[in-house]
1. Quick one: is Ala79 more than 22 Å from Leu105 (Cβ to Cβ), free of Cβ contacts under 8 Å to residues at least 60 places away in the same chain and among the small types (Gly, Ala, Ser)?
2. Can you tell me which condition Met3 does not meet? The list is (1) out of contact with any Phe, Trp or Tyr (no Cβ under 7 Å at 6 or more places or on another chain); (2) over 15 Å from Val135 (Cα atoms); (3) touching a residue at least 24 places away in the same chain (Cβ under 8 Å); (4) surrounded by 14 or more Cβ atoms within 10 Å (Cβ to Cβ), and all the others hold.
3. Would you say Arg66 is assigned to a helix (DSSP H, G or I), basic (Lys, Arg), modelled with pLDDT of 95 or more and out of contact with any helix residue (DSSP H, G or I) (no Cβ under 6 Å at 6 or more places or on another chain)?
4. Hey, among Leu50, Leu105, Leu110, which residue is buried (at least 16 other Cβ atoms within 10 Å of the Cβ), out of contact with any Cys (no Cβ under 9 Å at 6 or more places or on another chain) and at pLDDT below 95?
5. Any chance region 74-81 includes a residue that's within 14 Å of the chain's Cα centre (by Cα), aliphatic (A, V, I, L, M) and assigned to a strand (DSSP E or B)?
6. If the Cβ limit is 7 Å and pairs must be 6+ apart or interchain, which residue in region 16-38 that is touching a residue at least 24 places away in the same chain (Cβ under 8 Å) pairs with which residue that is among the basic types (Lys, Arg) and part of a helix (DSSP H, G or I)?
7. Take Glu61 and tell me if it is among the acidic types (Asp, Glu), surrounded by fewer than 18 Cβ atoms within 10 Å (Cβ to Cβ) and not in a helix (DSSP H, G or I).
8. Could you grab me the full set of residues in region 83-100 that are touching a Cys at 6+ places or on another chain (Cβ under 9 Å) and either farther than 19 Å from Ala67 by Cα or assigned to a loop (DSSP other than H, G, I, E, B) (or both)?
Amino acid sequence: MVMLLVAIERFHCTLGEVREDYWLNRAWRALTADPALAARVVRVATGSVLICGEAFGAAPEEPRERARWRMQVQQRLMADTGRTADELGMAIVYAAAPVTIAEGLMRSLLAQVVETDPRFEGMGRYAGDLEPVVVPVAQAAVVVAAA
């Protein structure tokens, strides 16, 4: 309870925002740890899942193949979080073309509180939930420099 209060005070947010942030981090930890989804899922927008083809290529066009990958994402989320993508506020969409990605580092609000406050040393079994998550993120635009 103290950890939540410290997070709410430090980041000037609500309990609902801390909870949403925690579950979004758990969801991406699950998706990035699944070998079947490696180089196939990318974070877009505020946390939605972009399903790609192999090596971040365009998603398969065949409806049955798309459904299979969607089910893989849904099952991974359910197995690791006990929640569906909808319950987590995550849309699932498909890449229409190859995707250029960058690596993004996600650190939950709670993790940021814990690392700077000695009261929370020795988190034991909760420490894994507070580790940073490296997530492939779709780049929104190509940078162009003019002389």
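The values are calculated or read from the model by the stated rules, or taken from the named source; none is laboratory data. Please read all numbers here as calculations on a predicted model, not as lab measurements. Heads up, the Cβs are rebuilt from the backbone with ideal geometry, glycines too, and the neighbour counts pull from every protein chain shown.
1. yes
2. With respect to (1) out of contact with any Phe, Trp or Tyr (no Cβ under 7 Å at 6 or more places or on another chain); (2) over 15 Å from Val135 (Cα atoms); (3) touching a residue at least 24 places away in the same chain (Cβ under 8 Å); (4) surrounded by 14 or more Cβ atoms within 10 Å (Cβ to Cβ), Met3 is out only on (1).
3. Details: assigned to a helix (DSSP H, G or I): yes; basic (Lys, Arg): yes; modelled with pLDDT of 95 or more: yes; out of contact with any helix residue (DSSP H, G or I) (no Cβ under 6 Å at 6 or more places or on another chain): yes.
Answer is yes for this residue.
4. Numbers: Leu50 fails: at pLDDT below 95; Leu105 fails: buried (at least 16 other Cβ atoms within 10 Å of the Cβ).
When all the criteria are applied, what remains is Leu110.
5. The answer is no; no qualifying residue exists.
6. Ala30/Arg76; Leu31/Arg76; Asp34/Arg76; Leu37/Arg76
7. Here the answer is yes, as Glu61 does meet what is asked.
8. The answer is Ala95, Pro98, Val99.
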